[in-house]
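> Submitted below is the structure of interest, expressed as structure tokens.
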Amino acid sequence: MEKLDYVVRPIASEDELKKVIEINMVTLPEHYPYFFWYEHYELWRDIFVVALVNEQIVGYNMCRIEYGIGHIRKGIVRQGHVVSIAVLPEFRRRGIATALMVYAMDSMKKREVSEVYLEVRVSNESAIRLYEKLGFKKVKILRRYYLDGEDAYLMAKEL
Ligand code: ACO
Ligand code: ZN
């Protein structure tokens, strides 16, 4: 496979947000209303990151920051939540999702986040492998988490 040049950076415009939503529509069964995407774009732009190849968006990672009971750390902690990440099929297995995760987690650290978590379908082996490679651990199973009845793993990592 030849080398692929890509750039990872925060999302920069509402036009880019529209492109991200298009990628979500073709890559994942979980979709969200526009205001939900827009809220992340407005409030957490530094941890809403996109990957570009030849100036075209080919992947995204949309995160938010919450306060909650720690999944790994004790007590109430400031948590990064990876809400949705995807890469277009023709650009997969080139390290783009890894770069999107690393960029967002670095920015979370700057915002004094002490752990990061996400939910993933128990059948989504490629995503689970990606997260495990980054040091995430399966913390618990969320029964029937998805609309179609599938369970989720809650996975988390200390930052
Ligand atoms: N099979 C096995 N392992 C895989 C696969 C696969 N198809 N894809 C990724 N991995 C693992 C590998 O260990 C890989 O490292 P390697 O290539 O050196 O072996 C590692 O993950 C990192 O892979 P990347 O190249 O960084 O990941 P990629 O850019 O291909 O994107 C992603 C992975 C985001 C899961 C992609 O397959 C995708 O968009 N899938 C559909 C959307 C999706 O499932 N998103 C996650 C939902 S959960 C959530 O959003 C919180
Ligand atoms: Zn979530």
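The values are calculated or read from the model by the stated rules, or taken from the named source; none is laboratory data. Since we're looking at a predicted model, the values are computed, not measured. No Cβ is skipped: glycine too gets one built from the backbone with ideal geometry, and neighbour counts run over all protein chains shown. Keep in mind that these areas ignore ligands, DNA and RNA; they rest on the heavy atoms of the full protein, side chains included. Shrake-Rupley method; radii C 1.70, N 1.55, O 1.52, S 1.80 Å.
> Output ³J(HN,Hα) for segment 41-53: one whole-Hz value per residue in order, computed from phi by the Karplus curve 6.51 cos²θ - 1.76 cosθ + 1.60 with θ = phi - 60°, and x for Gly and Pro.
Along segment 41-53, the couplings run 4, 6, 8, 10, 4, 6, 10, 10, 10, 10, 10, 10, 10 Hz.
> On the accessible surface of segment 1-133, probed at 1.4 Å, how many percent belong to carbon and sulfur atoms? Show your work: numbers first, answer last.
Numbers: 3790 of 7250 Å².
Answer for segment 1-133: carbon and sulfur cover 52 percent of the accessible area.
> Counting only protein chains, not ligands or nucleic acids, how are S123, S84, S13 ordered by accessible area (probe 1.4 Å), most first? Mind showing how you got there, number by number?
Numbers: S123 75, S84 5, S13 40 Å².
Most to least solvent-accessible, the answer reads S123, S13, S84.
> Hey, can you grab everything whose amide H is under 5 Å from the amide H of A51? Only 5+ residues off in sequence or another chain; H modelled, so Pro and N-termini drop out.
Long-range HN contacts for A51: V58, G59, Y60.
> Which of L17, Y117, H31 sits closest to the plus end of the dipole of segment 7-119, meaning its Cα is farthest towards the positive end, when Lys and Arg get +1 and Asp and Glu get -1 on the C-beta?
Y117
> Would you work out the relative contact order for segment 4-159, in percent, from Cα pairs under 8 angstrom that are 6 or more residues apart?
For segment 4-159, the relative contact order is 20 percent.
> While we're here: If I stretch the segment between L43 and K109 completely, what's the gain in nm (0.36 nm per residue apart, minus their alpha carbon distance), one decimal?
Contour length minus the Cα-Cα distance gives 22.1 nm.
> Still on this model: With θ taken as phi - 60° and the coefficients 6.51, -1.76 and 1.60, list the Karplus ³J(HN,Hα) couplings across segment 63-72 in order, rounded to whole Hz; mark glycine and proline as x.
10, 9, 10, 9, 9, x, 5, x, 7, 10
> Let me ask something else. Given Cα pairs under 8 Å that are at least 6 residues apart, what percent is the relative contact order of segment 1-50?
Working: 25 pairs, mean separation 28.3, N = 50.
Across segment 1-50, relative contact order equals 57 percent.
> I've got another one for you. Show me the GluC sites (Glu not before Pro) within segment 1-94 that DSSP assigns to loop and that have at most 13 other Cβ atoms within 10 Å of their Cβ. Provide the component values of the computation, followed by the final result.
Values: sites: E2, E14, E16, E22, E30, E39, E42, E55, E66, E90; in loops: E2, E30, E55.
Here the sparse-neighbourhood loop sites are E2, E30, E55.
> When only alpha-carbon atoms count, how far does segment 7-119 stretch along each of its three principal axes, as whole angstroms with the largest first?
In descending order, the Cα extents are 43, 30, 25 Å.
> Using modelled backbone amide H atoms (1.01 Å from N, in-plane), which distant-in-sequence or interchain residues come within less than 5 Å of V83's amide H?
It is M62, C63, R64, by chain and number.
> If you don't mind, there's one more thing I want to ask. Out of residues 5 or more away from L159 or on other chains, whose amide H comes under 5 Å of its own, with H placed 1.01 Å from N in the peptide plane?
E115, V116
> Can you compute 3J(HN,Hα) from phi for each residue in segment 133-148, using the Karplus curve 6.51 cos²θ - 1.76 cosθ + 1.60 with θ = phi - 60°, rounded to whole Hz and x for Gly and Pro?
4, 8, x, 6, 10, 6, 9, 7, 9, 9, 5, 6, 5, 8, 4, 7
> Probe radius 1.4 Å, ligands and nucleic acids left out: which of W44, W37 has the largest accessible area, and how do the rest follow?
Values: W44 30, W37 0 Å².
Listed by decreasing accessible area, they come as W44, W37.
> Assuming R0 = 22 Å, can you tell me the calculated FRET efficiency for the pair Y146 and I65, based on Cβ-Cβ distance, to the nearest 0.05?
For R0 = 22 Å, the calculated efficiency reads 0.40.
> Which of G95, G149, G135 moves most in a GNM of the chain, Cα contacts under 10 Å?
Evaluated over the chain, the most mobile residue of the options is G149.
> Please work out the Cα center distance from segment 1-35 to segment 99-146, rounded to the nearest Å.
Cα centroid of segment 1-35 versus Cα centroid of segment 99-146: 18 Å apart.
> Another question about this same structure. Can you tell me the mean projection area, over all orientations, of the convex hull of segment 64-159's alpha carbons? Units nm², please.
About 6.3 nm², averaged over all directions.
> Please get the size of the charge dipole for the chain, origin at its Cα centre, with Cβ charges of +1 on Lys and Arg and -1 on Asp and Glu, quoted in debye to the nearest 20.
It comes to approximately 740 debye.
> Determine the order of V113, V83, V122 by accessible area, beginning with the largest, at a probe radius of 1.4 Å.
V122, V83, V113
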